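Read-outs: derived from the displayed coordinates by stated rules, not from any lab. Computed from a prediction, not measured in an experiment: that's the story for all the values here. Note: ideal-geometry Cβ built from the backbone for every residue, glycine included; neighbour counts use all protein chains shown.
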Amino acid sequence: MVEPPFVPPDAPPPAERPLRGYAMVLAAATLWAVNGTVSKVILTSADVSSARLAEVRSTGAFVGLALVLVALRPTSLRLGWRELPRLVVFGVLGLALVQALYFVAIARLDIGIALLLQYLAPVLVALWARFVMHEQIGRRLWVALMLAFGGLALIVDVWRGLSLDGLGVVAALAAAVTFALYILLAEREVGRRDPASLVCYGSLFAALFWAVTQPWWTFPADIVDERVSLLGNLAGTQSPVWLLMAFMVVGGTIVPFGLLVGALRHLSATRAGIAAMWEPVAATAVAWAWLGESLDPLQMVGGVVVLAGIAVAQTVR
């Protein structure tokens, strides 16, 4: 999950090949879904903390994106001094914390539930628009709120005293707040620079934040070459930790981001954002097939209701 990069609510581009655009968004969301399970395997099988894994992902994403942009579009990396403070905030609050909180959540909750809670971010953005920016939103906001929080109550079994892991729920909801902040910061900055360079610099400052708070020379490097169980239905299979981390950086971050950006040539941002909600669905399916995680019938109903609320919230602005 960066969590997926935010798609700003811009004007629809010419939809020359909408089917290709939808295919690219769905492919990106599926890769993020697989990445959730891969990340959970690393957190569970290897002796890596959520913060360390976020450090690896941010640093790897920066290096990969920087190499691609230097080769293909070096001028997009030009940086003005006035941009620096905003990019630092975007990287630390909008990327580093989102990833760390997401990793805490999936380590303690089923992946599908963690993602559904994190995906409440568009609802929070709509609330910000209504009550802080004083934008005229209309009834759709209240419909989105009722659906989102009604579904949330079903997911966490609120009438049975919150049967889910409390810290996991708090981490997932905090991830939703920081993801909403990421959306708002990205919306502001994307008018000044292209999305690829924005995420590249965001990843740079997220990596620097982690390098200061937990220096690389304290990283448990010996675990990278360890072979760990893939858990669940693949418990008999082992993989080196470095291979799982490589997928997290390349297949779970850089490639899906490129697919999403490419899809905007064929789809409007709103449609791409709604299509990206395939991620919680795919993540639940992958976690069920791989790890044996599953939602009970009431939680499945709650998930559908939450997705409906998120879809409505995506159209609010």
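Near the amide H of Val228, within less than 5 Å, lie the amide hydrogens of Ser239, Val241, all on another chain or at least 5 residues away, with H placed in the peptide plane.
If you model the stretch 37-80 as an ellipsoid using its alpha carbon gyration tensor, with each semi-axis the square root of five times an eigenvalue, the axes come out at 31, 10, 6 Å, biggest first. Loop sites only, by DSSP: take the GluC sites (Glu not before Pro) in the chain that have at most 15 other C-beta atoms within 10 Å and name the longest stretch containing none of them. Segment 17-134 is the longest. Each of Ile223, Ile106 was scored by other Cβ atoms within 10 Å of its Cβ. Arranged with the fewest first, they read Ile223, Ile106. By the count of other C-beta atoms within 10 Å, a proxy for reagent exposure, Tyr182, Tyr102 are ordered fewest to most as Tyr182, Tyr102. Here the mean projected area of the convex hull built on the C-alpha positions of the chain is 16.6 nm².
In this label model, Ala221 and Gln238 are separated by 2.3 nm, measuring between points 7 Å along each Cα→Cβ vector. In a DSSP loop and with at most 11 other Cβ atoms within 10 Å, the trypsin sites (Lys or Arg not before Pro) in the stretch 78-168 are Arg78. Rounded to the nearest 20, the size of the Cβ-charge dipole of the chain about its Cα centre is 960 debye, with Lys and Arg at +1 and Asp and Glu at -1.
Compute the FRET efficiency between His134 and Ser294 as 1/(1 + (r/R0)^6), taking r as their Cβ-Cβ distance and R0 = 41 Å, and round to the nearest 0.05. Result of the calculation: an efficiency of 0.40. Of the residues His134, His266, the one with the fewest other Cβ atoms within 10 Å heads the list, and the complete ranking is His134, His266. Sequence-distant contacts, meaning Cα pairs under 8 Å at least 6 residues apart, place the relative contact order of the stretch 35-107 at 58 percent. Distance from the C-alpha centroid of the stretch 205-239 to that of the stretch 268-317: 28 Å, rounded to the whole angstrom.
For the charge dipole of the chain, defined by +1 on Lys and Arg C-beta atoms and -1 on Asp and Glu C-beta atoms about the Cα centroid, which residue among Ala61, Leu145, Ile113 has the Cα displaced farthest towards the positive pole? Value: Leu145. Shape annotation for the stretch 260-299: C-alpha extents along the principal axes are 37, 22, 8 Å, from largest to smallest. Value of Rg to Rh for the stretch 213-317, rounded to two decimals, is 1.07; Kirkwood radius and Rg both from alpha-carbon coordinates. A convex hull fitted to the Cα coordinates of the stretch 43-166 yields 171 cubic angstrom per residue.
Positive end of the dipole of the chain (Cβ unit charges, origin at the Cα centre): among Val250, Ala235, Ile183, the Cα lying farthest that way belongs to Ile183. Only DSSP H runs of four or more residues enter the estimate; each adds -39500 (n - 2.57), and after division by the residues of the chain the mean residue ellipticity at 222 nm equals -21000 deg cm²/dmol. Across the stretch 192-241, the volume of the C-alpha convex hull divided among the residues equals 132 Å³ per residue. Electrostatic tally near Leu147: other residues with Cβ closer than 14 Å to its Cβ, Lys and Arg +1, Asp and Glu -1, net +2.
Taking θ as phi - 60° and the Karplus parameters 6.51, -1.76 and 1.60, the scalar couplings of the stretch 107-116 work out to 6, 10, 10, 4, 4, x, 5, 4, 5, 4 Hz in sequence order, x denoting glycine and proline.
Taking Cα pairs under 8 Å and at least six residues apart, what relative contact order does the chain come out at, in percent? It comes to 42 percent, rounded to a whole number.
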